[in-house]
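**Student:** Encoded as structure tokens, here's the structure I'll be asking about.
Where a number appears in this text, it was derived from the coordinates with a stated rule and is not lab data. These numbers come from a predicted model, not from an experiment. Glycine gets a Cβ as well: all are built from the backbone with ideal geometry, and neighbour counts include every protein chain shown.
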């Protein structure tokens, strides 16, 4: 894993993720990016900023129908509006609307609570923990599965937890490292290890392992 990280970092350089101004913006982005491209999320977030809605209190107060219209570019906007509302309800009921209080929870306890929120799954919960709370929790996405399975490092049918453990059991438990590594994997998946991969220019060319 350290070899893979080193090759990706040398090839792409630092990624400086997550592209957001505040932890709450990270959380909103993590929910909106489900099943869509980041460019679509950026448009939705720009709308929320324009209307001064990127705070827990503002999202709590806005009617869900209006919120849905503002995030239309992110796709599945009615569902995502309800998901954002579900999170803000969770934040206010459990922590009085304070992210600082929420981030004081134990990492695994908070993860369990987030997963109980309707609309937040493993990837979204772990993105919130890693990128908003700066807690060491590796994020697994479709790019991660694709890249590791193509190099024979995991089985194609490996579970989310199995893939996550592969990283967290073999790397230093460090939020900064997990942040950069995941961002580099996304960069590789978007630019090189696509549906039709460009293996000839891949910085991981030659790294293979047959899982038993």
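**Student:** Please work out the FRET efficiency for the pair residue 35 and residue 3, using the Cβ-Cβ distance as r and a Förster radius of 41 Å; give the result to the nearest 0.05.
**Tutor:** Efficiency, rounded to the nearest 0.05: 0.80.
**Student:** Then there's this: Applying a 10 Å radius around every beta-carbon, put 37-49, 5-17 in order of their mean neighbour count, most first. Show your work: numbers first, answer last.
**Tutor:** Numbers: 37-49: 16.3, 5-17: 14.3.
Going by the mean number of other Cβ atoms within 10 Å, highest first, we get 37-49, 5-17.
**Student:** Still on this model: Taking 0.36 nm per intervening residue step and subtracting the Cα-Cα distance, what contour gain separates residue 168 from residue 21 on full extension?
**Tutor:** 50.2 nm is the gain from fully extending residue 168 to residue 21.
**Student:** Once both axes come from the Cα atoms, what is the angle between helix 38-50 and the longest principal axis of the chain, in degrees from 0 to 90, rounded to 10?
**Tutor:** That works out to roughly 20 degrees.
**Student:** Just to be sure I understand, if you calculate Rg and Dmax of the Cα atoms in Å for this structure, which of (1) 20.7, 69; (2) 16.5, 51; (3) 17.8, 53 do you get?
**Tutor:** So the calculated entry is the one marked (3).
**Student:** If you don't mind, there's one more thing I want to ask. Relative contact order (percent) for the stretch 23-132, with alpha-carbon contacts under 8 angstrom and 6 or more residues of separation?
**Tutor:** Working: 111 pairs, mean separation 34.2, N = 110.
Value for the stretch 23-132: 31 percent.
**Student:** How much mean residue ellipticity at 222 nm does the chain get from its helices, if each DSSP H run of length 4 or more adds -39500 (n - 2.57) and you divide by all residues, to the nearest 500 deg cm²/dmol?
**Tutor:** Result for the chain, helices only: -16500 deg cm²/dmol.
**Student:** Ok, one more. With everything on Cα atoms, drop me the angle between helix 77-95 and the longest principal axis of the chain, reported from 0 to 90° to the nearest 10.
**Tutor:** Approximately 80 degrees, to the nearest 10.
**Student:** May I ask you to order 29-35, 105-111 by the average number of other C-beta atoms within 10 Å around their residues, highest value first?
**Tutor:** 29-35, 105-111
**Student:** What distance in nm lies between label points placed 7 Å from Cα along the C-beta direction at residue 107 and residue 69?
**Tutor:** 4.3 nm
**Student:** Right, another one. How far, in degrees from 0 to 90, does helix 23-32 lean away from the longest principal axis of the Cα atoms of the chain, to the nearest 10?
**Tutor:** On a 0 to 90 degree scale, this one is about 80.
**Student:** What's the ranking of 135-146, 65-76 by average number of surrounding C-beta atoms within 10 Å, highest first?
**Tutor:** The packing order, highest mean first, is 135-146, 65-76.
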